[in-house]
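Note sheet for the following structure.
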Amino acid sequence: HTLLMAVGSTLLLRSTYYNLRGQMRLVSSIALVDRGSVSASSAVGIALLWISLTRYYEWAPALYVFTHTMRRAVKNSVTLMLAVLPIFLGYALAGTVLFSDSTGSFRGFSTS
């Protein structure tokens, strides 16, 4: 939990720095600040900080049941995601190859 809190805090500090840098126009071109990267860093940092708070659930038995269940379910959930990932990627690639010329929804891999 301490590692999650440290990584979450670091990501939030990084994204805050880049946001302030972009708002104060310390960079010559605003295009140098990648907004997607800053937003993703903020989102992951916030999620990790909130997840790190679950260590305090152990003091309340009802909440500890939830934490214990989630710890046991993570392995199965990750296995399921890894099993479904090739199917999802195959669908996206097939859609791009088959329909890229006829519709905008499959124009590139990221939109498929």
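What to note about this one:
- Calculated FRET efficiency for the pair T2/L80, C-beta based, R₀ 35 Å, to 0.05: 0.80
- Ordering of 91-98, 12-19 by burial proxy (mean other Cβ atoms within 10 Å per residue, highest first): 12-19, 91-98
Coordinate-derived values only; no laboratory data. Here the structure is a predicted model, which is why all the values come from computation and not from measurement. For neighbour counting, all protein chains shown are included, and Cβ atoms are generated from backbone atoms with ideal geometry for every residue, glycine included.
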